[in-house]
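S.K.: Take this structure, written in structure tokens, and hold onto it; I'll ask about it next.
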Amino acid sequence: MPDIRLPDGAVKHFDAPVTVAELAASIGPGLAKAALAGRVDGRLVDTSFLIDRDAQASIVTERDAEGLDIIRHSTAHLLAYAVKSLFPEAQVTIGPVIEDGFYYDFSFKRPFTPEDLAAIEARMVELAKKDEPVTRRLMPRDDAVRHFESIGEHYKAEIIASIPSAEPISLYAEGAFTDLCRGPHVPSTGRLKVFKLMKVAGAYWRGDSKNEMLQRIYGTAWTKKDDLDAYLHRIEEAEKRDHRKLGRQLDLFHLQDEAPGMVFWHPKGWSIWQQVEQYMRAVYRDNGYQEIRCPQILDRSLWEKSGHWQNFRENMFATESEKHDFAIKPMNCPGHVLVFNSDLRSYRDLPLRYGEFGACHRNEPSGALHGIMRVRGFTQDDGHIFCSEEQIEPEVTAFNRIALAVYRDFGFTDVTIKLALRPEMRLGDDATWDRAENALRDALSACGVEWTELSGEGAFYGPKIEYHLKDSLGRSWQCGTIQVDFQMPGRLGAEYVAADDSRKVPVMLHRAIVGSLERFIGILIENHAGAMPLWLAPIQATVMTITDRQRDYATQVAQALREAGLRVSSDLRNEKITYKIREHSLQKLPYHLIVGDKEQQNQTVAVRTRAGEDLGTMSLPALLSRLQAEATGKTH
């Protein structure tokens with residue numbers, strides 16, 4: 001009979017097999033009421049799961065991260081239940097948990113309308129209030145295929161038919177609805193109380209554009225109404241800050257079908273780009289990097305040697321010329337190795353640091369493209385450090401210091417560090433990966449920072465440290481990375497002369513701080529809601545006249561500011577000053593400089609901020625001093 005060890009070390013003995021629900025009840029009535037699922041010997045299970053042997057077990061409640069995922073997955077099933085009860089002809093396909101919620105894909109004869117969405121959500125509430133038990137049963141695969149075919153669920157039958165025949169099929173039922181699922185699920189529908197349907201979108205069956213377009217209903221679910229309200233507020237704010245919307249509104253960039261996944265930068269957007277690039281160029285210069293430039297198109301043989309052709313081919317654009325195959329580079333590292341190989345290198349040259357604002361192209365699926373955040377053509381602040389194994393720790397430590405300083409200058413102070421470890425598909429043996437992973441752990445320890453580890457998420461050639469930035473809405477963005485690579489230099493013939501005159505293969509550290517400039521600028525736009533800090537703003541101030549009498553003086557003020565290195569525009573139109581101020585406020589210009597007869601007479605300007613703060617009148621030297629100090633200090 002089972003002895004069950006609890007997380008606090010206590011052991012409970014039972015004279016007969018016991019369910020997770022009964023285990024929870026034996027601990028206390030409060031836990032029995034709160035139990036959503038259990039974890040038995042590390043495996044998540046339903047509360048109905050029978051423990052018939054000695055085991056380690058814990059009870060999962062809504063306070064656990066797994067509990068929230070179970071609630072969301074169960075709510076996806078509740079959504080499918082509601083759709084089937086309202087629209088019996090609809091076919092259900094898949095419905096996974098995603099960040100902050102869930103979705104479910106349906107095949108239906110007509111598009112779902114906003115009214116349909118409201119009706120489905122109302123039916124979900126009704127079904128949840130019934131508090132129907134959620135039960136699990138197993139069925140042989142072929143029987144399950146026949147069952148779903150018999151009820152017209154052809155997509156489910158296709159999914160099940162693709163599962164190995166020896167594997168029993170797990171089905172979950174609630175009321176009149178039965179679905180395929182591994183589980184676990186909440187014990188009854190009454191545990192699902194805080195949810196909302198968000199939107200309908202299109203999605204191809206199995207993600208293949210050759211297949212039918214399905215309808216994907218997105219929803220969110222939480223344990224508390226306050227959490228749902230906070231999430232909806234974040235979504236509302238995020239929509240206001242959407243970089244695609246602001247890109248049009250502020251005339252920064254656009255995208256169009258003639259170049260899918262590639263950005264057309266407008267003058268103001270390109271100004272932001274230049275501020276980011278020139279700032280990062282100074283970071284290169286000040287930290288011992290030599291800037292280089294490599295070709296866009298390189299022979300297929302190089303990509304085969306580097307391992308990219310075998311491991312990354314589906315994401316590469318290829319071309320052919322004179323019976324030779326070429327690839328447009330998806331990344332910069334092989335080109336940097338060729339620069340290293342162009343001369344005989346000595347141990348005295350190491351560490352050798354190359355930096356490049358390298359333009360790359362990756363054949364991302366069209367459905368994955370998202371504004372300038374996910375594109376096919378992008379530029380990285382890419383760098384590669386060639387060093388000895390002993391130099392890994394000091395180089396990574398220095399990179400960590402530089403990266404955190406850069407993020408502070410751009411206004412990001414909440415940074416999470418993660419260590420991504422060996423993936424299933426990789427180059428090299430386990431011993432080499434052990435050395436690479438331990439080198440990064442040692443470097444992070446030397447930095448005195450905390451980090452979490454991500455199993456299986458490293459690059460195919462080596463593990464990597466990732467820097468995740470939290471923005472003003474609390475969203476996390478992965479930007480910077482530094483990767484240890486023991487593979488590529490040797491595969492491409494890189495070597496240096498060691499102190500004992502032997503030839504050794506250098507270690508290659510792949511590093512980027514902002515990553516894709518396109519994506520980073522998108523993050524900046526959303527973080528600042530388009531109101532860029534002064535040093536990044538494409539136009540830092542505009543000089544506005546009250547009447548035509550100040551035209552010449554306004555022109556002189558604007559010219560003086562430009563000569564001082566500021567980005568300034570003039571608005572000399574014969575329009576009311578209130579109209580001008582409102583228009584430039586919508587363009588989120590940091591400073592509004594107003595000149596009337598009084599200012600012209602006194603050789604001053606009236607200064608307002610985009611937030612509407614009236615700073616009074618200033619002389620031109622005082623204004624210049626303020627703006628230059630703010631821009632240099634990178635006030636956020």
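S.K.: Name the residues in the range 439-461 that are at positive phi and either touching a residue at least 12 places away in the same chain (Cβ under 8 Å) or aliphatic (A, V, I, L, M) (or both), would you?
M.R.: The one that is at positive phi and either touching a residue at least 12 places away in the same chain (Cβ under 8 Å) or aliphatic (A, V, I, L, M) (or both): Gly456.
S.K.: Sticking with this one: Can you tell me which of (1) of a type in the set (S, T, N, Q); (2) out of contact with any Asp or Glu (no Cβ under 8 Å at 6 or more places or on another chain); (3) surrounded by 16 or more Cβ atoms within 10 Å (Cβ to Cβ) is the one Thr379 doesn't meet?
M.R.: Among (1) of a type in the set (S, T, N, Q); (2) out of contact with any Asp or Glu (no Cβ under 8 Å at 6 or more places or on another chain); (3) surrounded by 16 or more Cβ atoms within 10 Å (Cβ to Cβ), the lone unmet condition for Thr379 is (2).
S.K.: If I go through the range 392-418 residue by residue, how many of them are in contact with a helix residue (DSSP H, G or I) (Cβ under 6 Å, 6 or more places away or on another chain) and not β-branched (Val, Ile, Thr)?
M.R.: Of the residues in that region, 2 qualify.
S.K.: If you don't mind, another one. Would a scan of the range 549-568 turn up a residue that is aromatic (Phe, Trp, Tyr), in contact with a strand residue (DSSP E or B) (Cβ under 8 Å, 6 or more places away or on another chain), in contact (Cβ under 8 Å) with a residue 40 or more places away in the chain and assigned to a helix (DSSP H, G or I)?
M.R.: At the first step, the residues of the range 549-568 found to be aromatic (Phe, Trp, Tyr) are 553.
Okay, now just the ones that are also in contact with a strand residue (DSSP E or B) (Cβ under 8 Å, 6 or more places away or on another chain), so 553.
Among the residues that remain, those that are also in contact (Cβ under 8 Å) with a residue 40 or more places away in the chain are: 553.
Right, trim to assigned to a helix (DSSP H, G or I) and you get 553.
Scanning the range 549-568 turns up at least one residue that is aromatic (Phe, Trp, Tyr), in contact with a strand residue (DSSP E or B) (Cβ under 8 Å, 6 or more places away or on another chain), in contact (Cβ under 8 Å) with a residue 40 or more places away in the chain and assigned to a helix (DSSP H, G or I).
S.K.: While we're looking at this one, here's another question. Quick check on the range 208-230: of everything there that is crowded, with 18+ Cβ neighbours inside 10 Å and small (Gly, Ala, Ser), which residue is farthest from Lys84 (Cα to Cα)?
M.R.: In this case the residue turns out to be Ala221.
Yes/no per residue for (1) out of contact with any Leu (no Cβ under 8 Å at 6 or more places or on another chain); (2) at pLDDT below 95:
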| site | (1), (2) |
| --- | --- |
| Asp552 | yes, no |
| Thr555 | no, no |
| Gln559 | yes, no |
| Arg567 | yes, no |
| Ser570 | yes, no |
| Asn574 | yes, yes |
| Lys588 | no, no |
| His592 | yes, no |
| Gly596 | yes, no |
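S.K.: Given the criteria over 30 Å from Ala122 (Cβ atoms), in contact (Cβ under 8 Å) with a residue 60 or more places away in the chain and touching a Gly at 6+ places or on another chain (Cβ under 7 Å), does Leu252 qualify?
M.R.: On the way: over 30 Å from Ala122 (Cβ atoms): yes; in contact (Cβ under 8 Å) with a residue 60 or more places away in the chain: yes; touching a Gly at 6+ places or on another chain (Cβ under 7 Å): yes.
So Leu252 fits the description; yes.
S.K.: Next question, about the same structure. Enumerate the pairs (first residue in the range 16-36 and in a loop (DSSP other than H, G, I, E, B); second residue anywhere and among the polar types (S, T, N, Q)) with beta-carbon separation below 9 Å, excluding pairs fewer than 6 apart on the same chain, so at least 6 apart or on different chains.
M.R.: Ala35/Thr47; Ala35/Thr61; Leu36/Thr47; Leu36/Thr61; Leu36/Ser74
S.K.: Scan the range 393-427 for residues that are part of a loop (DSSP other than H, G, I, E, B) and open to solvent by less than 40 Å² (accessible area, probe 1.4 Å) and jot them down.
M.R.: If the condition is that a residue be part of a loop (DSSP other than H, G, I, E, B) and open to solvent by less than 40 Å² (accessible area, probe 1.4 Å), then Phe410, Gly411, Phe412, Leu421, Pro423, Leu427 are the ones that fit.
S.K.: With (1) among the charged types (D, E, K, R); (2) free of Cβ contacts under 8 Å to residues at least 60 places away in the same chain; (3) more than 15 Å from Leu419 (Cβ to Cβ) as the list, and Arg519 as the residue in question, which single condition is left unmet?
M.R.: Here Arg519 clears every test but (2).
S.K.: Still on this model: List every residue pair whose Cβ atoms sit under 7 Å apart, with the two residues 6 or more apart in sequence or on different chains, where the first one lies in the range 294-306 and is over 12 Å from His324 (Cα atoms) and of a type in the set (Lys, Arg) and the second, anywhere, is surrounded by 14 or more Cβ atoms within 10 Å (Cβ to Cβ) and modelled with pLDDT of 90 or more.
M.R.: The qualifying pairs are Lys305/Arg491; Lys305/Leu492.
S.K.: Can you tell me which residue within the range 568-625, out of those that are among the β-branched types (Val, Ile, Thr) and open to solvent by 70 Å² or more (accessible area, probe 1.4 Å), is farthest from the chain's Cα centre (by Cα)? Reasoning before the result, please.
M.R.: Initially, the range 568-625 is screened for residues among the β-branched types (Val, Ile, Thr), giving 568, 577-578, 581, 594-595, 604-605, 607, 609, 617.
Filter once more, keeping what is open to solvent by 70 Å² or more (accessible area, probe 1.4 Å): 578, 617.
Values: Thr578: 40, Thr617: 44 Å.
Here the answer is Thr617.
S.K.: Of the residues in the range 171-207, how many are open to solvent by 30 Å² or more (accessible area, probe 1.4 Å) and either within 23 Å of the chain's Cα centre (by Cα) or under 15 Å from Val83 (Cβ atoms) (or both)? Walk me through it before giving the result.
M.R.: Here is the first cut: in the range 171-207, the residues open to solvent by 30 Å² or more (accessible area, probe 1.4 Å) are 175-176, 178, 180, 182, 187, 191, 193, 196, 198-202, 204, 206-207.
Next cut, either within 23 Å of the chain's Cα centre (by Cα) or under 15 Å from Val83 (Cβ atoms) (or both) only: 175-176, 178, 198-202, 204, 206-207.
Qualifying residue count for the region: 11.
The values are calculated or read from the model by the stated rules, or taken from the named source; none is laboratory data. Predicted model only: the values in this text are computed from it and were never measured. Methodologically, a virtual Cβ is constructed for each residue, glycine included, from the backbone with ideal geometry; neighbour enumeration extends over all protein chains shown. These accessible areas exclude ligands, DNA and RNA; they are computed on the full protein's heavy atoms, side chains included. Shrake-Rupley method; radii C 1.70, N 1.55, O 1.52, S 1.80 Å.
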